[in-house]
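The values are calculated or read from the model by the stated rules, or taken from the named source; none is laboratory data. What you see is a predicted model; the values in this text were computed from it and never measured. Cβ placement follows ideal geometry from the backbone for every residue including glycine, while neighbour counts extend to all protein chains displayed.
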Amino acid sequence: MPQELPKSPPDLSAGLPPPVPERLYGRRRGHKLRARQQQLLETVLPRLTIDLADPLAGLERFAEIWLEIGAGSGEHALAQIALHPEVAFIASEVYLNGLSALLGRLVPGQAAPEQAPLPANLRLWPNDARLLLKALPDAALSRLFVLFPDPWPKSRHAKRRLVHPQQIPLLARTLRPGALWRLASDDPTYQAWVEAVMAEQNRFTLIEATSVRPPGWPPTRYEIKALQAGRTPRYWTFQRV
């Protein structure tokens with residue numbers, strides 16, 4: 001991953017950055033999908049995909065609703081639903097290769113994946129997370145996870161970062177008072193950006209910032225790769241005011 005160390009923390013006092021583009025993500029596909037991966041996307045993904053017309057349909061019976069933005073291949077999401085069967089978990093991810101890997105973990109080796117049993121407390125959102133956030137009711141979420149997002153390390157790409165002055169109100173609206181936001185990054189540029197952006201807002205309070213993954217944070221594949229490469233992650237926990 002390219003690393004651009006800033007000379008100083010970003011200056012946010014001169015006004016808001018340029019308007020956020022219509023999407024925050026990059027490519028949607030990596031290597032060509034295998035037949036099995038394509039089958040999972042066509043038969044299993046629709047069974048778990050949220051309908052924006054009624055985004056919480058079937059989830060009302062759960063004690064809480066948690067959302068992960070940028071769920072990747074689903075290691076963290078699947079660990080959380082196993083640890084917390086009383087919680088409904090929404091995993092948002094646009095990268096098709098990651099989504100197919102997540103689905104493959106849910107229905108390994110199934111000859112007829114369209115008939116495979118699926119977790120009742122899991123939903124997927126395979127599009128821009130902001131569309132989902134705008135559709136959710138106020139204070140719908142009890143926990144938010146943004147773990148190792150694309151850092152968009154070049155200055156001209158800062159407007160694509162999810163942690164962004166223009167995104168904070170949208171994120172805050174969907175979180176109930178007292179809800180936790182877990183955020184992690186291994187990129188020094190993004191780490192400095194998070195510190196600067198979050199210092200300039202009043203909707204979240206910093207609970208913890210550490211370089212050691214706290215208990216209850218299941219690891220992700222990308223986190224393991226970052227550690228193996230010698231990068232030092234930063235883990236933040238914020239609380240909705």
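Data overview
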read-out	value
Counted residues, region 180-197 - those being surrounded by 20 or more Cβ atoms within 10 Å (Cβ to Cβ) and either out of contact with any Leu (no Cβ under 6 Å at 6 or more places or on another chain) or more than 22 Å from Leu67 (Cβ to Cβ) (or both)	11
Single condition Phe148 does not satisfy, out of (1) of a type outside the set (Val, Ile, Thr); (2) out of contact with any helix residue (DSSP H, G or I) (no Cβ under 9 Å at 6 or more places or on another chain); (3) surrounded by 19 or more Cβ atoms within 10 Å (Cβ to Cβ)	(2)
Index of the failed condition, Leu170 passing every other in (1) in contact (Cβ under 8 Å) with a residue 40 or more places away in the chain; (2) on the phi > 0 side of the Ramachandran plot; (3) not polar (S, T, N, Q)	(2)
Among residues of region 58-85, those that are out of contact with any strand residue (DSSP E or B) (no Cβ under 9 Å at 6 or more places or on another chain) and among the hydrophobic types (A, V, I, L, M, F, W, C), counted	3
Matching entry among Gly58, Gly72, Gly98 (being on the phi < 0 side of the Ramachandran plot and either at pLDDT below 95 or not hydrophobic (A, V, I, L, M, F, W, C) (or both))	Gly98
Helices (runs of 4 or more DSSP H) contained entirely in region 112-223, each with at least 1 residues that are of a type outside the set (A, V, I, L, M), within 23 Å of Glu86 (Cα to Cα) and more than 13 Å from the chain's Cα centre (by Cα)	168-174
Residue in region 101-112 that is at pLDDT 95 or above, over 19 Å from Leu33 (Cβ atoms) and not hydroxyl-bearing (Ser, Thr, Tyr) present	no
Single condition Glu86 does not satisfy, out of (1) within 15 Å of Leu144 (Cα to Cα); (2) surrounded by fewer than 19 Cβ atoms within 10 Å (Cβ to Cβ)	(1)
Residue in region 124-147 that is in contact with a Pro (Cβ under 6 Å, 6 or more places away or on another chain), at pLDDT 95 or above and at negative phi present	yes
Which numbered condition Ala120 misses (of (1) surrounded by fewer than 17 Cβ atoms within 10 Å (Cβ to Cβ); (2) over 14 Å from Ile90 (Cα atoms))	(2)
Residue list for region 91-101, filter: aliphatic (A, V, I, L, M) and part of a loop (DSSP other than H, G, I, E, B)	Val94
